[in-house]
Amino acid sequence: MAFMPPHSRHQQPLSTASIEVHVELIDQLFNSIDPSPFHARDMDPGADAYIVDSSKGLAKDVPLALIIHLDQPPTDEAKLGQVARAIQTHFAAQAATTRLQLRELFGRGRISLLIGLSVLSLSIGLGEVSNTWLSGASMAQILHQSVLIGGWVAMWRPMEIFLYDWWPIAARIRLLDRLATMQVHIVARQRALAAAGSSSDFLNSLKP
């Protein structure tokens with residue numbers, strides 16, 4: 001199911017960056033096959049992706065707010081009171097999982113670094129030995145350069161982890177932490193339309 005922003009925007013204070021979604025039923029925001037209680041249920045993958053993607057382009061120095069435009073409010077009013085907690089719990093769990101992934105990545109990086117340094121040291125040693133045994137021979141130069149290249153290739157993976165792989169994950173953690181604390185507002189469209197209709201009827205009754 002696609003999650004699209006509504007045409008009319010809900011007014012928020014300038015100090016808040018808002019994300020807007022429009023659903024017919026509140027249950028569409030959550031995974032229908034998750035057996036957990038409503039407040040602990042995972043979000044629908046489409047809703048999760050839409051909210052995360054929408055938040056990436058917003059200002060990073062202000063709090064986030066999620067505006068949910070709802071066509072049909074549930075018969076159980078208490079359910080609406082659990083929506084904010086459910087959404088915040090979902091993103092908090094995502095942040096915790098991503099932190100675990102980052103720790104595991106650094107763990108693999110440390111092991112890879114130990115292996116890479118060992119291979120590089122061995123390669124340098126073999127290169128020196130080859131120069132001693134085959135001094136002045138062209139084969140010695142070829143062997144020396146080959147083992148050195150092999151040693152630096154072994155350093156490729158730890159360097160990739162510590163120079164490039166970790167920071168996108170850290171950025172995602174910061175984003176998920178913001179989403180886990182964002183305000184959640186529900187705008188029930190059916191009620192808004194009913195109120196507008198009542199006002200219109202009242203004004204019409206005043207006409208001669």
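The values are calculated or read from the model by the stated rules, or taken from the named source; none is laboratory data. All figures in this text were calculated on a predicted structure; none of them were measured in a lab. As a convention, Cβ positions derive from the backbone with ideal geometry for all residues, glycine included, and neighbour counts pool all protein chains shown.
Tabulated data for the structure shown
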item	result
Where A192 falls short, out of the listed (1) within 30 Å of G57 (Cβ to Cβ); (2) surrounded by fewer than 14 Cβ atoms within 10 Å (Cβ to Cβ); (3) at pLDDT 75 or above	(3)
Qualifying residue in segment 14-27 (condition: surrounded by fewer than 16 Cβ atoms within 10 Å (Cβ to Cβ), of a type outside the set (S, T, N, Q) and modelled with pLDDT under 75)	yes
In segment 86-124, the residues that are more than 14 Å from the chain's Cα centre (by Cα) and among the charged types (D, E, K, R)	R103, E104, R108, R110
Lone unmet requirement of (1) more than 25 Å from T181 (Cβ to Cβ); (2) of a type in the set (A, V, I, L, M, F, W, C); (3) buried (at least 19 other Cβ atoms within 10 Å of the Cβ) for L64	(1)
Single residue of segment 126-159 satisfying the filter (among the polar types (S, T, N, Q) and loosely packed, with under 13 Cβ neighbours inside 10 Å) that is modelled with the lowest pLDDT	S135
Qualifying residues in segment 41-60 (those that are in a helix (DSSP H, G or I), touching a residue at least 40 places away in the same chain (Cβ under 8 Å) and among the hydrophobic types (A, V, I, L, M, F, W, C)) - the one surrounded by the most Cβ atoms within 10 Å (Cβ to Cβ)	I51
Tally of residues being surrounded by 15 or more Cβ atoms within 10 Å (Cβ to Cβ) and free of Cβ contacts under 8 Å to residues at least 24 places away in the same chain across segment 160-188	0
Subset of segment 66-82 (residues that are under 28 Å from A17 (Cβ atoms) and assigned to a helix (DSSP H, G or I))	K79, L80, G81, Q82
